[in-house]
1. Give a residue-ordered list of calculated ³J(HN,Hα) values for region 481-494 (Karplus: 6.51 cos²θ - 1.76 cosθ + 1.60, θ = phi - 60°; whole Hz; x for Gly, Pro).
2. Could you check the spin-label model distance between Gln376 and Ser324? Points 7 Å from the Cα along Cα→Cβ, value in nm.
3. Calculate for the chain the 222 nm mean residue ellipticity that helices alone would give, adding -39,500 (n - 2.57) per DSSP H run of length 4 or more and normalising by residue count, nearest 500 deg cm²/dmol.
4. Using Cα centres only, tell me the gap between region 399-414 and region 428-500 in whole Å.
5. Based on the Cβ-Cβ distance of Ala265 and Thr474, what FRET efficiency does E = 1/(1 + (r/R0)^6) give at R0 = 25 Å, to the nearest 0.05?
6. Accessible area of the chain with a 1.4 Å probe: how many percent of it is carbon plus sulfur?
7. How do Asp83, Asp161, Asp96 stack up against each other in accessible area, from largest to smallest, with a 1.4 angstrom probe?
8. Tell me, what is the FRET efficiency for His417 and Thr103 to the nearest 0.05, using R0 = 51 angstrom and their Cβ-Cβ distance as r?
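The values are calculated or read from the model by the stated rules, or taken from the named source; none is laboratory data. Just so you know, these numbers come straight off a predicted model, no measurement behind them. Note that each Cβ is placed from the backbone with ideal geometry, even for glycine, and that neighbours are counted across all protein chains shown. Quick note on the areas: whole protein, heavy atoms, side chains included, nothing else; ligands and nucleic acids left out. Shrake-Rupley method; radii C 1.70, N 1.55, O 1.52, S 1.80 Å.
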Amino acid sequence: MNEHDMSPSRRNLLKGMAGASALPFVGAFAALHAREALAANGATALVDSPYGPIAPVNDLATGLPLLQLPPGFSYKSYGWRGDTMSDGRPCPGGHDGMGVIVTRKVGRSTEQVLVRNHEISGSAAVNFINAYGLYDTGNVSGNSSNRSCGGTTNLVFRDGDWVSMTPSLGGTQQNCAGGITPWGTWLTCEEIGSDTVSAGGKKHGYVFEVTADPQQVTGQAIVNMGRFAHEAAAVDPNNSNVYLTEDSSGKSGFYRYIPDVKTGAPGSLAMGGVLEMAKVRGRNNVNLAVASVDDTYELEWVPIANPDANRGSGVGLNGETINSAAGPFVQGWMKGALRMNRGEGIWYAQGKMYVMDTSGGHVNRGAIWELDLARQTLKCIYSSPSQLVGNMGDNLTVSPRNAILICEDSSSAITDHFGYGQRLMGLTGAGDAYIFAKNNINLTAAQLQGAGKLPSLAGDQRGNEFAGACFDPTGRYLFVNIQTPGVTFAISGPWAKGPL
């Protein structure tokens, strides 16, 4: 255990032993060497949160203690699985990626429109999103009760209160993450690695565009952006190029889509473009999985001739064969492209792209890469050395004050000094991690029924992931989901006390 892995009580005990003259010096000396050891290994440390220790806080909407947050922070939940949407149907579950796509004035009020993904694949027809934009209404795998049930809902948040929830895109599968566009839309990504064709003649694994007005959602797949297990997307506002991650263990490419129409408008990306895959300049088939802080690579890009190709196998220029990979990945691999372990969240901020490899780093617990768009250099700025410091970050976002917040998603949530549960982790300017919040949902059927929620959602849900973290443009509100039981939060508080 090093100083950064200690509980606050243990750190305070050491700091309080000033009566023993040698101990403060020994403690500081040990802490210094522990930090130096981490730095030498290219790792990130766990530090105390600038916002203070977290504790359970009651939801302003239901009165239930759903989150652990720092002092002074509050939140309102909304859009639970089973809540009634504007079309009278129950809200589906699987709340995942999300973004604020529009902020607008309505009279004297200010409202934000968010688009929220639902990571559902083929499941019971009751979860089918009856949206304006429909892609695939055919059944899956020959089962007439099994349909493509994923999609998106549009949420409206006005002057600190939730207003409405409307289905916008339906007939898709496993809408995991995505990304906002500079022209006020949302790119929702299907995380599907399969060549299966539905009864409606449709394949899955595409990107779709969602507008603020659900009635204008086309349900058109952007085929040229590739068919693979998409995770997230982020747009360079200077040229409308879209950067894309892939979540396929050990076979994850990093992609760039160069649209033919660069003016940026709803529907422009679907008008055509070229898909490319990242390659380390001058080196073939580099594996970025074992990442250390400050590792840096210069990138070049290789074209993908057929972005809609079926899965297959291919031999890289380094002689390594990759089997059963997505069609675009195989094409890039055969041209020397790089790979990550599992590409997850990506976010644009101030000329940089921040990319999460959820199982990257020396202990496979997560790494973050910073891509300088002007220089096309990729640098590792975060690498977790343990579950305590960082436990498989997934979605990430960058606040208006240019600080990173990570949504953890591990199959084995840990117990730290604030108890058991998945976490929201912030990063300091030095690249060290701190605990900002924890999932605290552990409810009885009676508690849920009393709050007007489905009693079937009862149980210990603290091990379920945070997803879809995003800020409103002013930085006043943080919006985030917990995927199961399926609930969305608007969090506010004294953000100025820390970097977020």
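1. Values, residue by residue: 10, 10, 4, 10, x, x, 7, 10, 10, 10, 10, 9, x, x Hz.
2. The modelled label-to-label distance comes out at 3.5 nm.
3. Details: 4 runs with 40 residues, N = 500.
Helix contribution divided over all residues of the chain: -2500 deg cm²/dmol.
4. Using only Cα atoms, the two centres lie 11 Å from each other.
5. Values: r = 25 Å, r/R0 = 1.00.
In this case the efficiency is close to 0.50.
6. The C+S portion of the solvent-accessible surface of the chain is 50 percent.
7. Working: Asp83 30, Asp161 75, Asp96 0 Å².
Order by accessible area, largest first: Asp161, Asp83, Asp96.
8. Details: r = 37 Å, r/R0 = 0.74.
For R0 = 51 Å, the calculated efficiency reads 0.85.
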